Amino acid sequence: DALSARSPQPLCEAMASLRQRFLDGPVRPLVGLLLLGGTACVVRSVVKRAARQKKTGKAVVLGLGYCGGAVARQLALGGLEVLGTTRGQPNAEDARAGVRTLVMDGSSETASAELLQAIREASVVVATAPPGEAGDPFLTDAALAEALAAAGSSGALLIYLSSVGVYGDQQGHLVTEATPPAPRTARAKRRLSAEEAWRALPAKRLAIVRLPGIYGAFRGPVAKASEGNARIVKEGHLFSRIHVDDIVRLCQVLVDPHGAPGLFDSGPAAVINCCDSDPAPQHEVSAFAYELLGRPVPPAIPFDSAELSAMQKSFYEESRHMVNSKLIEIVGELNYPSYHTGLPASLEEERRLSRPGVLQRLLAPAAFLASAGGRIISACAGEKPVRIALVDNGSLKAEATLSLRRLAADLEASLRSQGRNFRVEAVSARFAERIPAREVGGVPAEILPGWLKRVSAERRRRGNRVLMLPLLIGPSNTLTKTMPDAALASPDLDVEICPTLVCLCPVLYGAGKTGAEVVADMLADGLTALGAPAVTNGAAGGAGHGDEGNDCVMLCDHGSPVARVARAREAVRKALEHKLGQPVAGICMERREGPEFDFNGPLLEDALLALPTGTRVRVALLFLQEGRHAGPGGDIVQIIQGVLEQRPDLSVQTTKVLAGHKALISLLAERVLKSVSVRLFH
């Protein structure tokens, strides 16, 4: 009866009745829990169907990133039919909220036509993507610009998310919407040019929302503190910030026809500084984040002695005291007026999202029984697969865990095709357990201690041999400390550890078989895929320009405080140099200060800035997976962009990460056969 009503109220009452029957009363049979889980699925489906039937308008969100996705989801939940665009993979959370996603990879004319039609019919268009060297990515496309102009002239609300960077350095003075823009960096100048391009559209309502640093769950000071980022102190310097929920709140008010009366009375374009009410120095905010996590607060590093990329330095070279009185006038009150309330809320949201959902908890018994049944059948057949943990360093990025799982599946298939009975599972050394399960297919990511505990419980009476296979280039502390320590904490397991991809141990591998040659071959293939050294602006994997000058190749890794890791990179560098028949420079993304760490070589930023005028450089990335450092929007990309702001004469291309190369699976499969007991590590 409740389901036939097609409305949330009776459905909620039905759910309360079911909960009383199955959860609050005596324990019922497992079938009751499963029925409740199935009913919840039906309820959610019906509620969503009812919501879709009540859509009151259409919205397009250009760029479903961290902020754009949050805005799109809230607009969809608020009754709008929302279409969003992305250059990556569609987000399951967006889909659950009712957001339709178009993947804009330039390969589908149909998708482009669908987007153009959606823009023309939209009552709201939100643009979140930053401009490139050629300008705003949507307005430089003639067809998209025409569609946006048509929407704007028809009365659609256009919201462009810009940056407070357009104000430049105000030396700590108060900054309002009336403060004239004075951008200093090339990045900020592009932002202001993009704003002007949006102003040039014949729009009747255009809101230019200037944003500072955005934070929220899994992003910002807490996420950085969890990774051990440094605290930088610069006397008298202030940063502004805003919680993503308050950006969403502003957009909700702007979309409401009665939400911001008089905003466009003085003209079709309105500027809003969307910042919280508590500008503060970075080192103070960072210290608060460490305290929230219950971790020791690291000592602050003076700005003058800190190792920062050009982009990071640019943030500290500008100081502004943002005034948000206009924002408060529009929204009435912020959800998080200060980081003192916003950071705890972000951490709580992270913990909530990391917990299994209701349905996962309800269906866990069935999953356990199914898994146990499979294990019983295997045991009766005499099958005892050796468990392998494919271990990476760990990341807060969901894509890193998904990539690791793909590698684990491919490796297991390869081993089984060779007649070897192994079960390979993706496990991280750290961080990954904090990724919400919904972002990684509903199955929580695991780190070593939890995986070992689970395997120990599952393998009682069935043989205890397990392998740890490091997805590492060289023998970092993850191999020599983290993995052995975790293994020794599980004494009932017979743990063996496999070599890293590049292993210089002469007992295990002789000359020419260290793995350096295989890794060099993969990197050489990546360099070949880049084509000619020169690159046009906006090309994938490249930046900069230049038709004349020297060509050079660099090999870049993360950098490490451990000399033996640098020796592994050096072995790869020599092998790559031999294969290419030209010099290859060894560099790192980041490193610690002091001559005792000079084995890392120069920083990527310094090496690029030192190149002769007009140099065309190809950077071979010694990174295995996309994450915070490598891949779209990662540290490598930001460092290169910062360099090119100072050196536009350079042309820089980077290879892709190694995870997509088929030779990686073969090398990992070979490493499985060289495992040694964990006891040799202590």
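Coordinate-derived values only; no laboratory data. Since we're looking at a predicted model, the values are computed, not measured. Cβ sites come from the backbone with ideal geometry, for glycine too, and all protein chains shown count toward neighbours.
Structure above, values below:
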quantity	calculated
Burial order of peptide ranges 220-227, 616-623 (average beta-carbon count within 10 Å, highest first)	616-623, 220-227
Selection from I232, P298, A270, by position along the positive dipole direction of the stretch 166-305 (Cβ)	A270
Electrostatic dipole magnitude of the stretch 233-330 [Cβ: Lys, Arg +1; Asp, Glu -1; Cα centre; debye, to 20]	100
Within straight-line cross-link reach of K574, lysines at Cα separation under 23 Å, skipping those fewer than 8 residues along the same chain	K513, K656, K662
Listed peptides 652-660, 316-324 by packing density, highest first (mean Cβ within 10 Å)	652-660, 316-324
Whether the stretch 569-682 is rounded, prolate or oblate, judged on the alpha carbon gyration tensor where a/c under 1.5 counts as rounded	prolate
Ranked packing of 72-79, 167-174, 560-567, most packed first, by mean Cβ within 10 Å	72-79, 560-567, 167-174
Unit charges on C-beta of K, R, D, E only; dipole of the stretch 204-282, Debye	240
